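Asks: What follows is a structure written as structure tokens; I'll ask about it next.
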Amino acid sequence: FHGIISREQADEILAGVEGAYILRESQRQPGCYTLALRFGNQTLNYRLFYDGKHFVGEKRFESIHDLVTDGLITLYIETKASEYISKMTTNPIYEHIGYATLLREKVSRRLSRTKNESRKASVTSEENTPVEKITSLVRRAALTQNDNHFNYEKAHNFKVHTFRGPHWCEYCANFMWGLIAQGVRCSDCGLNVHKQCSKYVPNDCQPDLKRIKRVYCCDLTTLVKAHNTQRPMVVDSCIREIEARGLKSEGLYRVSGFTEHIEDVKMAFDRDGDKADISASIYPDINIIAGALKLYFRDLPIPVITYDTYSKFIEAAKISNPDERLEAIHEVLMLLPAAHYETLRYLMIHLKKVTLHEKENFMNAENLGIVFGPTLMRPPEDSTLTTLNDMRYQKLIVQILIENEDVLF
């Protein structure tokens with residue numbers, strides 16, 4: 001560290017010593033620090049920051065020396081191979097070897113384990129053919145016609161990753177350089193690629209159960225793809241149990257079960273998945289199962305009615321003409337991701353059954369709308385005022401979905 005010195009003084013100190021560096025305090029901005037680094041016969045100056053670790057860009061380092069080491073590697077690669085780097089993504093090996101091949105093998109293995117032959121036909125046409133890409137409209141049409149079609153599209157969940165030892169990108173097959181944070185890894189399926197290559201990878205993530213540590217608080221599409229199911233198994237299990245012994249229960253979904261018992265059900269699903277025992281012998285109070293189902297929806301990182309479609313649903317609910325409002329809601333439903341759409345459809349069919357026992361359970365579509373409105377949809381911004389202003393529209397949306405489930409879905 002050389003204190004407050006000018007760029008010119010830093011250049012004199014570093015002159016002729018390739019790869020050397022010093023730290024200095026800026027003359028123009030006292031209190032701000034600069035890393036002066038000699039590379040390519042010139043002195044490069046970088047604004048230096050510290051938040052527990054040192055950084056000049058996105059990467060954080062324990063020491064300045066590690067930061068400089070990584071910087072020199074990157075500068076050298078980008079200087080010597082800039083033309084090569086610019087062409088890396090133009091001829092990817094992704095579709096021919098690597099992850100795409102593993103993807104086909106995973107799908108094939110899953111299909112061989114599945115007893116239901118119709119599932120086999122719906123997911124893949126032949127063993128060595130990539131999963132078919134179809135439009136959202138066709139996909140949703142298939143969902144209503146074929147109860148076994150659940151090969152939903154899913155984007156990769158890439159996060160910056162530090163690789164130990166030499167590593168190659170599974171998109172372009174080129175070396176991943178640098179000391180740390182050389183690329184990104186999908187936390188759901190394990191795909192490793194350059195950060196720039198991640199922009200070109202198709203939305204074909206096949207989550208690995210080994211990487212999915214829990215059921216609650218897990219992204220809905222990630223969960224159903226990991227378990228190879230049409231809907232989250234929590235939804236299927238809870239609804240099956242409720243319809244078997246709870247449709248006539250007074251105040252169903254409105255009356256709360258004991259919080260401790262609901263947490264027990266949550267832990268059972270997280271621990272045992274679809275083998276979780278939620279039978280009457282373990283949980284005689286059906287309100288516990290209903291509470292566990294509501295908690296699952298509340299805990300979703302992206303609500304069933306997604307943040308992207310939230311404002312469109314609210315605007316549709318504000319339309320005064322009933323026919324136009326129904327048409328507008330139907331149009332927005334088509335924008336939901338397929339797994340979210342299918343989960344919502346299945347839930348609305350169930351809630352319609354609940355209303356058919358209104359004389360016993362005292363729960364009509366409006367009452368269920370009050371309960372499920374804020375559970376199924378939340379505004380993108382965490383604003384109490386927005387939530388309060390939108391509550392009546394949230395209730396109305398769910399009420400309309402229940403009353404018109406046969407038309408809307």
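The values are calculated or read from the model by the stated rules, or taken from the named source; none is laboratory data. Remember, predicted model here, so these are calculated numbers, not experimental data. Glycine also receives a Cβ, built like all others from the backbone with ideal geometry; neighbour counts cover every protein chain displayed. Each accessible area value is taken on the protein alone, full model and side chains, heavy atoms only, with ligands, DNA and RNA left out. Shrake-Rupley method; radii C 1.70, N 1.55, O 1.52, S 1.80 Å.
Asks: How big is the charge dipole of region 7-86 about its Cα centre, in debye rounded to the nearest 20, if each Lys and Arg gets +1 on its Cβ and each Asp and Glu gets -1 on its Cβ?
Replies: That gives region 7-86 a dipole magnitude of about 160 debye.
Asks: Treating only the Cβ of Lys, Arg, Asp and Glu as charged (+1, +1, -1, -1), what charge dipole size does the chain show about its Cα centre? Round to the nearest 20 debye.
Replies: Charge dipole of the chain: 580 debye, to the nearest 20.
Asks: Using a 1.4 angstrom probe on heavy atoms only, work out the carbon and sulfur share of the accessible area of the chain in %.
Replies: 51
Asks: Continuing with this model, one more query. Could you tell me the calculated FRET efficiency between Phe163 and Arg214, based on Cβ-Cβ distance and R0 = 22 angstrom, to the nearest 0.05?
Replies: Efficiency for this residue pair is about 0.25.
Asks: Still on this structure: How would you classify region 300-400 from its alpha-carbon gyration tensor, with a ≥ b ≥ c the square roots of the eigenvalues: rounded for a/c under 1.5, else prolate if a/b is greater than b/c, otherwise oblate?
Replies: rounded
Asks: Determine the distance separating the Cα centre of region 254-292 from the Cα centre of region 368-409; give it in Å without decimals.
Replies: 25
Asks: Further, regarding this structure: Could you provide, to the nearest whole Å², the per residue accessible area of region 251-409 with probe 1.4 Å?
Replies: Value for region 251-409: 46 Å² per residue.
Asks: Which one of Ile289, Gly178, His2 has its Cα pushed farthest toward the positive end of the charge dipole of the chain, where Lys and Arg give +1 and Asp and Glu give -1 at the Cβ?
Replies: Value: Gly178.
Asks: Region 175-326: D in µm²/s via Stokes-Einstein (Kirkwood Rh, Cα pairs, 20 °C, 1.002 mPa s)?
Replies: After rounding, the answer is 117 µm²/s.
Asks: Out of the chymotrypsin sites (Phe, Trp or Tyr not before Pro) in region 1-54, which ones are loop residues according to DSSP with at most 12 other C-beta atoms within 10 Å?
Replies: Listed in order of number, the matching sites are Phe1.
Asks: Might you report the magnitude of the Cβ-based charge dipole of region 212-408 about its Cα centre, with Lys and Arg at +1 and Asp and Glu at -1, to the nearest 20 debye?
Replies: 180
Asks: So if I take the alpha carbon set of the chain, get Rg, then get Rh from the Kirkwood formula, what is the Rg over Rh ratio?
Replies: Checking Rg against Rh, the ratio lands at 1.09.
Asks: Structure shown: which of Lys154/Lys199; Lys294/Lys395; Lys53/Lys80 lie over 24 Å apart, alpha-carbon to alpha-carbon?
Replies: With Cα atoms farther than 24 Å apart: Lys53/Lys80.
Asks: Sequence-distant or interchain residues sharing an amide H contact under 5 Å with His156, placed H: which?
Replies: Excluding prolines and chain starts, which carry no amide H, the hits are Asp204, Cys205.
Asks: What are the extents of the Cα atoms of region 7-86 along their three principal axes, listed from largest to smallest and rounded to whole Å?
Replies: Taking max minus min along each principal axis of the Cα atoms, region 7-86 gives 41, 31, 19 Å.
Asks: Continuing with the same structure: log10 I(q)/I(0), Debye, Cα-only region 212-408, no solvent, q = 0.11, 0.15, 0.18 Å⁻¹?
Replies: So the normalised log intensities are -0.48, -0.91, -1.31.
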